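Q: If you scroll down you'll find the structure; I have some questions about it.
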Amino acid sequence: MVQQTQLGVSWVGCGSAHPAMVLSNTDLSQVVDTSDEWITTRTGIQQRYLAQGGESLSALAAQAGQAALEMAQVDATGVDLIILATSTPDDLFGSASQVQAALGASQAVAFDLTAACSGFVFALVTASQFIRTGAYRTVLVIGADMLSRWVDWTDRRTCILFGDGAGAVVLQASDRDRLLGFEMRSDGTMNDCLTLAYGSEPQTLMADKTVQQGTFQPITMNGKEVYRFAVKRVPEVIEKALFRGGLTAGDIDWLVLHQANQRILDAVADRMGIPSERVISNMARYGNTSAASIPIALDEAVRSGRIKAGDVIASSGFGAGLTWGAAIFEWG
Ligand code: COA
């Protein structure tokens, strides 16, 4: 039973995982008409990890989840809820249950949450509500994506950006609430800017009856619009989340943004007056791993000792939907 006093959220572990295969910018220049110089200058990305045949989204997510549980010293059977933020499940019915089975989290209910590159922040906030109401005590939140499955590898404007990976955190009920503020937003009128849309054709069942069947179509993106959107909306949503927590940008120890483009990170930090040494960036090695990018960056920063217990982290995810959101939390 959850004690009435334990309705706060604490962060007790994190973990991450990525496929073994590396695709460098130079490798990519053999696939499409691009160069290491162009990609590095425009995005900050130098390489990305890509899943090979036989590697599944759920196995990668479970690997990240396992690492987070180990850091938290929580047995899988003690997990009450698993939320898997992904847009690239192995199974459209959801991949969270496969993760639950792989981890042996027999007592946990598990479900997928889809909000593209905002997925991890949205899942974090969703998980926190279950803890704050006292419904669940220990929650595993995983962000995992394999956008390599859905990228058009002939389109140099998009294929250079994305990579595959998974990251996870374990949240637990505690006396003190370390989720200090959050804000989530959507704007479907801008959906066309970034899509991975279903495309179909009629299949005739009988003379006057058809059904639509097809598959999802590769990612399309209006890069300039998405760039403008991110640079404007991300500072706004972080400010709002800070305001809700009675905080200001000066209280932020670390900015852990969705790793989409180094220029977006720099512009957001600049607008908010946050020095570059307070901005966590690992996109040079990973590219944009969608829902996985924030927890991977967080995990690396925690394990390397940069982020310490008590540090205030401003995280913000943004992307397709369009969706965007921020969560301000104290690590530990
Ligand atoms: N290699 C070489 N040249 C490329 C290229 C590549 N990979 N991709 C585009 N180009 C060319 C274009 O064809 C264009 O050439 P042109 O002027 O002769 O027509 C030129 O480079 C500029 O292209 P443009 O699309 O205007 O570049 P940009 O400065 O807007 O940068 C992005 C493109 C994608 C890096 C940038 O728009 C961006 O990062 N946007 C945000 C995307 C994002 O983060 N999406 C995910 C959000 S979750």
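The values are calculated or read from the model by the stated rules, or taken from the named source; none is laboratory data. As the structure is a prediction and not an experimental result, all values here were calculated from the model. Counting neighbours? That spans all protein chains shown, and the Cβs are built from the backbone with ideal geometry, glycine included. Side chains included, ligands, DNA and RNA excluded: accessible areas come from the protein's heavy atoms. Shrake-Rupley method; radii C 1.70, N 1.55, O 1.52, S 1.80 Å.
Q: Which numbered condition trips up Y49, out of (1) aromatic (F, W, Y); (2) open to solvent by 70 Å² or more (accessible area, probe 1.4 Å); (3) more than 16 Å from the ligand (Cβ to nearest atom)?
A: Y49 satisfies all of (1) aromatic (F, W, Y); (2) open to solvent by 70 Å² or more (accessible area, probe 1.4 Å); (3) more than 16 Å from the ligand (Cβ to nearest atom) except (2).
For (1) within 30 Å of T248 (Cβ to Cβ); (2) surrounded by 15 or more Cβ atoms within 10 Å (Cβ to Cβ), each residue gets a yes or a no:
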| position | (1), (2) |
| --- | --- |
| A123 | yes, yes |
| A135 | no, no |
| T138 | no, yes |
| D164 | no, yes |
| L171 | yes, yes |
| D177 | yes, yes |
| G181 | yes, yes |
| M184 | yes, yes |
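Q: Could you tell me whether region 92-113 includes any residue that is open to solvent by 50 Å² or more (accessible area, probe 1.4 Å), away from the ligand (no atom under 16 Å from the Cβ) and in contact with an Asp or Glu (Cβ under 6 Å, 6 or more places away or on another chain)?
A: no
Q: Return a yes/no flag: does region 25-39 have any residue that is more than 16 Å from the ligand (Cβ to nearest atom) and polar (S, T, N, Q).
A: No, region 25-39 contains no residue that is more than 16 Å from the ligand (Cβ to nearest atom) and polar (S, T, N, Q).
Q: Within region 160-193, take every residue that is within 16 Å of the ligand (Cβ to nearest atom) and polar (S, T, N, Q) and give me the one that is nearest to the chain's Cα centre (by Cα).
A: S186
Q: Right, next: Looking at region 232-332, what strands (runs of 3 or more DSSP E) fall wholly within it and have at least 1 residues that are hydroxyl-bearing (S, T, Y) and within 15 Å of the ligand (Cβ to nearest atom)?
A: Numbers: elements: 254-257, 312-319, 323-330.
Where strands (runs of 3 or more DSSP E) fall fully within region 232-332 and carry at least 1 residues being hydroxyl-bearing (S, T, Y) and within 15 Å of the ligand (Cβ to nearest atom), they are 312-319, 323-330.
Q: Next up: From the list A62, A68, exactly one residue is buried (at least 21 other Cβ atoms within 10 Å of the Cβ), touching a residue at least 60 places away in the same chain (Cβ under 8 Å) and either among the charged types (D, E, K, R) or in contact with a Leu (Cβ under 9 Å, 6 or more places away or on another chain) (or both). Which is it? Outline the logic, then answer.
A: Values: A62 fails: touching a residue at least 60 places away in the same chain (Cβ under 8 Å).
From the options A62, A68, the qualifying one is A68.
Q: Follow-up. State which residue pairs qualify: first residue of a type outside the set (D, E, K, R) and inside region 32-48, second residue assigned to a strand (DSSP E or B) in any location, beta carbons under 9 Å apart, and separation of 6 or more residues or different chains.
A: Within 9 Å, the pairs are T43/N288; I45/N288; Q46/S24; Q47/V22; Q47/L23; Q47/S24.
Q: Can you name every residue in region 190-216 that is outside any strand (DSSP E or B) and open to solvent by less than 80 Å² (accessible area, probe 1.4 Å)? Explain how you work it out, then say what you get.
A: Taking region 190-216 as the starting set, the residues that turn out to be outside any strand (DSSP E or B) are 190-193, 196-197, 207-208.
Result: M190, N191, C193, L196, A197.
Q: Here is a follow-up. Within the set of pairs 6 or more residues apart or between chains, which connect a residue that is in the same structural domain as K308 (by TED's automatic domain parsing) and touching a residue at least 60 places away in the same chain (Cβ under 8 Å) inside region 262-286 to a residue that is assigned to a loop (DSSP other than H, G, I, E, B) and open to solvent by less than 10 Å² (accessible area, probe 1.4 Å) with Cβ atoms less than 7 Å apart?
A: From region 262-286, the pairs are S281/Q259; M283/I45; M283/Q259; A284/I45; Y286/G163; Y286/Q259.
Q: Check off (1) within 14 Å of the ligand (Cβ to nearest atom); (2) modelled with pLDDT under 95; (3) of a type outside the set (K, R) for G54 and give me the number that stays unchecked.
A: So the condition that G54 fails would be (1).
Q: Restricting to region 122-159, count the residues that are more than 18 Å from the chain's Cα centre (by Cα), closer than 25 Å to I264 by Cα and among the aliphatic types (A, V, I, L, M).
A: 0
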